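A quick write-up on the structure given underneath.
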Amino acid sequence: KQKGARASRRASLPPDAARPKLIVFDLDNTLWTPELYQLRKRPKANKDIKLFDGAMDALRDLACDDGAWAGTRAAVASRATEDEWAEALLRDFDVDGRSAASLLPFREIYAGNKKKHFQQLREASGVAYSDMIFFDDYTANHGDVTQLGVMGVHN
């Protein structure tokens, strides 16, 4: 361990703690960096775009079918304008032998207000807003979805 380097810490919940039924992630600056609009050409996973360590940890937890998160599904709600790039990246990122896309079966990726994204996610997943949690780096997006009853987490 390097002098002055901090060990990474992971948050954990007690095994019997309630879990959300749907975890929704934004993409740019939440799952990965840099933001897609900053790029000039189609990016490659793990070269031009990298998953944050915490995002990879979360996806690994969700990939473990027999773990504490077995009853929780995941989704994407992103205003990224390069939706084809985003979809390709999700297919290309490997999470313990599975694509990120397979772990995020509900995806709403298009410009516009996040309320519409969440209305579509609720319809597709059947999960009530009150059983969702949303991670996004842009605080304005939280106001839109918390009005629906979704818990928002600023990262």
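Can you compute the charge dipole magnitude of the chain about its Cα centre, using +1 on each Lys and Arg Cβ and -1 on each Asp and Glu Cβ, nothing else charged? Give it in debye, rounded to the nearest 20.
Roughly 440 debye, rounded to the nearest 20.
With springs only between Cα atoms under 10 Å apart, run a GNM on the chain and tell me which of 97, 71, 126 wobbles the most.
Of 97, 71, 126, the most mobile in the Gaussian network model is 97.
Once R0 is set to 30 Å, what does the formula 1/(1 + (r/R0)^6) return for the Cβ-Cβ distance between residue 146 and residue 41, expressed as a FRET efficiency to the nearest 0.05?
Calculated transfer efficiency: 0.25.
Give the Kirkwood hydrodynamic radius (Å, one decimal) of the chain, defined as one over the mean of 1/r across all pairs of different Cα atoms.
16.2
Suppose the chain between residue 52 and residue 111 were pulled fully straight at 0.36 nm per residue; how much longer would it get relative to their current alpha carbon spacing?
Once the chain is fully extended between residue 52 and residue 111, it gains 19.0 nm.
Defining a contact as two alpha carbons under 8 Å apart and six or more residues distant in sequence, what relative contact order in percent does region 22-130 show?
Dividing the mean separation by the residue count of region 22-130 yields 28 percent.
Along the charge dipole of the chain, pointing to its positive end and built from +1/-1 on Cβ of Lys, Arg, Asp and Glu, which listed residue (155, 113, 70) has its Cα farthest out?
155
So if I place +1 on the C-beta of Lys and Arg and -1 on the C-beta of Asp and Glu, and nothing else carries charge, what would the dipole magnitude of region 81-155 be about its Cα centre? I want it in debye, nearest 20.
320
What does DSSP give for the chain in terms of the percent of beta bridges that are antiparallel, rounded to the nearest 5?
20
Thinking of region 52-119 as a set of Cα atoms, what percent of all their pairs are more than 21 Å apart?
So the pairs more than 21 Å apart make up 27 percent of the total in region 52-119.
For the chain, modelled as a GNM with alpha-carbon contacts under 10 angstrom, which of 118, 52, 25 fluctuates the most?
Looking only at 118, 52, 25, the biggest GNM fluctuation is shown by 52.
Under 17 Å from a label point 7 Å along Cα→Cβ of residue 13: give me every residue in region 87-131 with its amide N that close.
Label zone hits: 127-131.
Values in this text are rule-based calculations from the coordinates and carry no lab data. Because the structure is a prediction, the values reported are computed rather than measured. Here the Cβ is made from the backbone with ideal geometry for all residues, glycine too, and neighbour counts use every protein chain on show.
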